[in-house]
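A short worksheet on the structure shown next.
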Amino acid sequence: DNSRVRLREPSDLLLNNLDHESISQKRFEVASELIESERTYVKKLHDLKKHFIETFKKPAHWGGQRNSGDTLFTRNTMSDAETKKIFANIEEIIQINSKFLSELEARLANYTDDQGLADIFIKYSPFFKSYTPYIIGYDEGAKLLESMRQERMGIRSAEAAAAAHGIDPLATLISLPRDRLYMYTKLLKDLEDRTPRNHPSRKNVETALKFFKNVERQVWEEKNRDLLRKQVIQLEKRFKPPISLMAPQRVFYHEGDVKILEDRKPKIWHVWLFSDLIVYGRPSWLNTGFYRHKGSITISEYGNAPEFGPFALYVSNTQGNRLQIIASNEMEKEFWKNQFSRCPKAKLSAVDQEEQNQMWELQNQIHNKLVLEERKKPPPPPPPPREPDLPNGWVELVDDSTKNKYYYNEIEQVTQWERPV
């Protein structure tokens with residue numbers, strides 16, 4: 001039954017050519033590399049805590065003075081709030097990874113190839129979601145640290161002292177947790193590539209890799225959502241009088257100018273599209289650089305508005321209130337419809353949905369007809385049989401006057417019209 005045949009991956013073919021001892025050795029090498037990588041990582045996290053975080057919590061010479069009246073040792077290099085802003089929940093991460101490393105090392109001390117390490121990764125995978133606040137705050141924390149470093153000698157002094165002990169630079173250490181989840185998926189993929197499909201731990205390896213990929217994806221998705229939420233906060237600051245735009249799960253999509261029907265006349269407004277809301281306004285006359293809010297409408301439905309022209313469309317809320325948009329051309333109209341389709345709760349109007357379904361059905365019919373016609377075409381004629389190679393010494397030439405082929409024997413210096421055999 002050909003349907004049951006599974007295409008083998010290159011790694012399968014490679015492993016099939018190795019004996020059991022060689023496979024076990026390769027898996028052990030990956031496991032050793034993984035644990036050594038974790039040892040190095042955890043050591044550097046403890047270096048970060050000991051040589052920097054704990055140092056910054058103490059009064060330091062020229063450490064964080066902001067007023068001329070401060071004496072040399074009256075202020076810590078960083079306040080608790082600044083430490084939290086830069087290092088987030090790093091101490092929680094250190095605790096998790098220290099326990100994780102302890103279990104890996106205990107397993108390595110009694111390592112058997114049948115068991116491996118994957119079950120420990122499965123056990124700890126939920127805890128690695130705690131990397132989320134650190135990764136979300138990393139960019140702003142790194143910028144804050146650099147600006148503080150320029151003005152606070154306490155930070156520079158700690159860096160110099162750490163360098164004297166062979167400790168990595170602070171900027172390098174704080175970047176390690178940001179990249180660590182990717183390293184776990186990479187190392188687990190290496191382990192999967194060296195584990196045959198019939199190996200007792202293969203299922204655990206696949207599960208661990210799947211879990212860590214999901215954790216990595218969820219963490220970075222949350223970071224992206226956080227960036228979009230921060231965009232909403234920044235947009236609030238662009239209005240005078242101020243307006244409130246923050247709402248659970250609301251994210252910003254697009255900003256631009258568009259014509260909106262007002263008193264049955266199209267007028268250009270600046271609009272901001274969010275995942276559930278469209279806001280429009282104009283530059284403020286009284287406050288240069290700010291916008292004056294005109295109106296907002298939540299988006300529950302959108303569609304064409306042919307009564308106002310071929311390029312008109314609308315958005316409406318659940319109360320039936322409408323905002324009529326007049327696009328300049330078909331391309332702009334389709335652009336806005338695509339933007340509205342991104343809104344999770346926005347539905348295309350029933351009329352437009354029916355038209356869209358009919359269009360898709362027509363496209364499918366045309367496609368199926370073309371496929372059927374292509375299948376009905378007679379197969380192309382076979383290519384003409386290839387002429388045998390000329391005997392040794394003969395070459396094929398073309399007569400200039402008649403354009404007919406003739407043949408010349410370079411050895412015997414004989415010319416003839418017939419093809420030699």
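For Lys259, the test of being crowded, with 16+ Cβ neighbours inside 10 Å and charged (D, E, K, R) is passed.
The residue that is least open to solvent (accessible area, probe 1.4 Å), among those in the range 48-67 that are among the charged types (D, E, K, R) and at pLDDT 90 or above, is Lys49.
The residue that is nearest to Pro59 (Cα to Cα), counting only those in the range 134-178 that are at pLDDT 90 or above and of a type in the set (D, E, K, R), is Glu159. Assess whether Ile135 counts as being within 25 Å of Asp190 (Cβ to Cβ) and free of Cβ contacts under 8 Å to residues at least 24 places away in the same chain. Taking the combined requirement at face value, the residue does not satisfy it. The set of residues in the range 146-170 being open to solvent by less than 30 Å² (accessible area, probe 1.4 Å) and over 22 Å from Lys43 (Cα atoms) consists of Met148, Arg152, Gly154.
The set of residues from the range 219-232 being open to solvent by 70 Å² or more (accessible area, probe 1.4 Å) and in contact (Cβ under 8 Å) with a residue 12 or more places away in the chain comprises Trp220, Arg225, Gln231. Residue count for the range 253-296 under the criterion of being out of contact with any Phe, Trp or Tyr (no Cβ under 9 Å at 6 or more places or on another chain), touching a residue at least 24 places away in the same chain (Cβ under 8 Å) and among the aliphatic types (A, V, I, L, M): the result is 2. Of all the listed residues (Asp114, Asp119), the sole one being over 29 Å from Asn224 (Cβ atoms), charged (D, E, K, R), touching a residue at least 24 places away in the same chain (Cβ under 8 Å) and not in a helix (DSSP H, G or I) is Asp114.
Total residues in the range 293-308 satisfying the condition of being open to solvent by 20 Å² or more (accessible area, probe 1.4 Å) and assigned to a loop (DSSP other than H, G, I, E, B): the figure is 1. Take Ser284 and tell me if it is at pLDDT 90 or above and open to solvent by less than 60 Å² (accessible area, probe 1.4 Å). Considered against the rule, which asks whether it is at pLDDT 90 or above and open to solvent by less than 60 Å² (accessible area, probe 1.4 Å), Ser284 comes out as yes. Restricted to helices (runs of 4 or more DSSP H) entirely inside the range 123-228, those with at least 2 residues that are under 17 Å from the mean Cα position of the chain (by Cα) are 131-151, 170-193.
The sole residue among Gln319, Gln353, Gln339 that is exposed (fewer than 10 other Cβ atoms within 10 Å of the Cβ) and either closer than 17 Å to Ile299 by Cβ or at pLDDT 90 or above (or both) is Gln319.
May I ask you to list the residues in the range 88-97 that are in contact with a helix residue (DSSP H, G or I) (Cβ under 6 Å, 6 or more places away or on another chain) and on the phi < 0 side of the Ramachandran plot? Within the range 88-97, Asn89, Glu92, Ile93, Ile94, Ile96, Asn97 meet the criteria.
The values are calculated or read from the model by the stated rules, or taken from the named source; none is laboratory data. Quick caveat: nothing in here was measured; it's all calculated off a predicted structure. Note that each Cβ is placed from the backbone with ideal geometry, even for glycine, and that neighbours are counted across all protein chains shown. Note: accessible area is taken over every heavy atom of the protein model, side chains too, but ligands, DNA and RNA are not part of it. Shrake-Rupley method; radii C 1.70, N 1.55, O 1.52, S 1.80 Å.
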